[in-house]
Amino acid sequence: MGTIIAIIILFGAIQGFAVCVYLYHKKKENVRAFHFYFLFLFSLAFFNFLYALKYIDIDAIGFIPLAAFPFPYKYLIGTGFYLYIIHQIPTEKKSAINYLLFLPAFCYGILRAYWYFVLHSGKDKDIFWNVYQSGFFTYNEYVYLLLNLLLVGLAIRFLKKNKSRLRGTNITRKNWEWLLKFSYAFLVFTGLHLVLAVIVHAVGDAYNGIVYSILLMLNSVYIYWVGFESLVKLRFLFNRHTLKEEGRDKNEFSDPLARNLAHYMNGEEIFVNKNLKMAEVAALVNSTEKELSQYIYETFGVSFSTYINELRVQKVKTLLQAEEQKKFTLLAIAENAGFNSKSSFNAVFKKVTGLTPTQYKEAHCS
């Protein structure tokens, strides 16, 4: 039974590492966010990796002993996650205080490096047992878990606070909602860790191994879920979001423009015109091209062409759901929505939804 648990835990770690490698080679719009996400996921996988090897009695990799390896992964999980979330908006000024979050990991890493040296140099073979007997590791567990809870709480607060200021279309807002869901999952995961840490403390050494096995299994389930979400929701992971300026008078020019644009786009659906030009739209909404372009960017965070294409994609998705449209081919539906070629339709649809039109139809319209 113990071997089976160790294998599950090890495969959880391997999947975490594999996802890190996979994401590393993907094109990313927000590289800084990726670096912190990588730190979060790698540290989480490393947690399982060390304990899995310990469970199957592997004490070294080559000439490197693994016992008490001085990588402060526990303190880097929450820090990586929080910095990943706040770097979703790379243009916002980041406080230097944020990087002080690495201080606990640095200090604990130095401490573990010292213990590692003392243990493997033969100066004191009992150093970790003595530290354990002092209760240090128990209270250290509480410290890092409470720090992680604080950080994920701040991440959720950041996402909620900026939700109303987010520039972009419905796709952008769905992206933000997914980040919020992802953060809540990490909150639940960390909370369960804390509960298990309290149980370990309460039951004492007799059941310590059993409870810690449960904790590592929980880690594995979470890593499997994170890996799945990372692959399925890859388009949501490393975007560059922008916020509307605070203090800007939204009535400066946008109210009549917003009403007119909504009328012609949502009501008249003029975007189905394959040859629609910005100059035509600007004339219809009683605006200049510059003012219209600025309003679309301020409100939706995208260019005029991207805005029109996203409306066309939404129209295609609506048409695919309609019973009377089932007799038409995908290309015919795309043309009815305003696309003028199969290649542009496929490229735009994949960019907006993350799926090809055929994949989307099979998944949502069967």
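Key figures
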| read-out | value |
| --- | --- |
| Subset of the range 117-144 (residues that are over 22 Å from LEU194 (Cβ atoms) and touching a Phe, Trp or Tyr at 6+ places or on another chain (Cβ under 7 Å)) | LEU119, ILE127, PHE128 |
| The listed residue being among the aromatic types (Phe, Trp, Tyr) and closer than 30 Å to LYS315 by Cα, out of PHE182, PHE117 | PHE182 |
| Whichever residue in the range 254-284 is surrounded by 15 or more Cβ atoms within 10 Å (Cβ to Cβ) and of a type in the set (S, T, N, Q) and, among such residues, is farthest from the chain's Cα centre (by Cα) | ASN260 |
| Neighbours by Cβ (under 9 Å, 6+ apart or cross-chain): first from the range 60-80, under 30 Å from GLY153 (Cβ atoms); second assigned to a loop (DSSP other than H, G, I, E, B) and not small (Gly, Ala, Ser) | none |
| Members of the range 291-347 that are of a type outside the set (S, T, N, Q), assigned to a loop (DSSP other than H, G, I, E, B) and within 18 Å of ASN275 (Cα to Cα) | ALA337, GLY338, PHE339 |
| Meets criteria (over 30 Å from the mean Cα position of the chain (by Cα), hydroxyl-bearing (Ser, Thr, Tyr) and either within 20 Å of LYS174 (Cβ to Cβ) or surrounded by 16 or more Cβ atoms within 10 Å (Cβ to Cβ) (or both)) for SER287 | yes |
| Single residue of the range 322-366 satisfying the filter (within 23 Å of ASN266 (Cβ to Cβ) and acidic (Asp, Glu)) that is modelled with the highest pLDDT | GLU335 |
| When residues of the range 338-353 are limited to those that are in contact (Cβ under 8 Å) with a residue 40 or more places away in the chain and either over 32 Å from the mean Cα position of the chain (by Cα) or at positive phi (or both), the one surrounded by the most Cβ atoms within 10 Å (Cβ to Cβ) | GLY338 |
| The lone exception for ASP255 - which of (1) at pLDDT 80 or above; (2) in a helix (DSSP H, G or I) it fails | (1) |
| Filtered residues of the range 171-194 (kept if among the hydroxyl-bearing types (Ser, Thr, Tyr), open to solvent by less than 40 Å² (accessible area, probe 1.4 Å) and closer than 13 Å to ALA155 by Cα) | SER183 |
| Within the range 54-94, considering residues that are outside any helix (DSSP H, G or I) and either acidic (Asp, Glu) or crowded, with 19+ Cβ neighbours inside 10 Å (or both), the one nearest to the chain's Cα centre (by Cα) | GLN88 |
| Flag for TYR51 being in a helix (DSSP H, G or I), more than 22 Å from PRO70 (Cβ to Cβ), of a type in the set (Ser, Thr, Tyr) and in contact (Cβ under 8 Å) with a residue 24 or more places away in the chain | no |
| Matching option when the condition is touching a Ser or Thr at 6+ places or on another chain (Cβ under 7 Å) and under 23 Å from LEU147 (Cβ atoms), among LEU39, LEU44, LEU101, LEU23 | LEU101 |
| Test: residue in the range 103-117 that is open to solvent by 40 Å² or more (accessible area, probe 1.4 Å) and within 26 Å of TYR184 (Cβ to Cβ) | yes |
| Matching option when the condition is at pLDDT below 90 and open to solvent by 80 Å² or more (accessible area, probe 1.4 Å), among ALA197, ALA206 | ALA206 |
| Pairs, first farther than 18 Å from SER293 by Cβ in the range 303-320, second open to solvent by less than 30 Å² (accessible area, probe 1.4 Å) and hydroxyl-bearing (Ser, Thr, Tyr), C-beta under 7 Å, six or more apart | VAL313/THR353 |
| Every pair of residues 6+ apart whose Cβ atoms lie under 8 Å, when the first sits in the range 102-119 and is among the hydroxyl-bearing types (Ser, Thr, Tyr) while the second is open to solvent by 50 Å² or more (accessible area, probe 1.4 Å) | TYR116/PHE69 |
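The values are calculated or read from the model by the stated rules, or taken from the named source; none is laboratory data. Everything numeric here is computed off the predicted structure, so don't read it as measured data. Backbone-built Cβ (ideal geometry, glycine too); neighbour counts: all protein chains shown. For accessibility, only protein heavy atoms count, side chains too; no ligands or nucleic acids. Shrake-Rupley method; radii C 1.70, N 1.55, O 1.52, S 1.80 Å.
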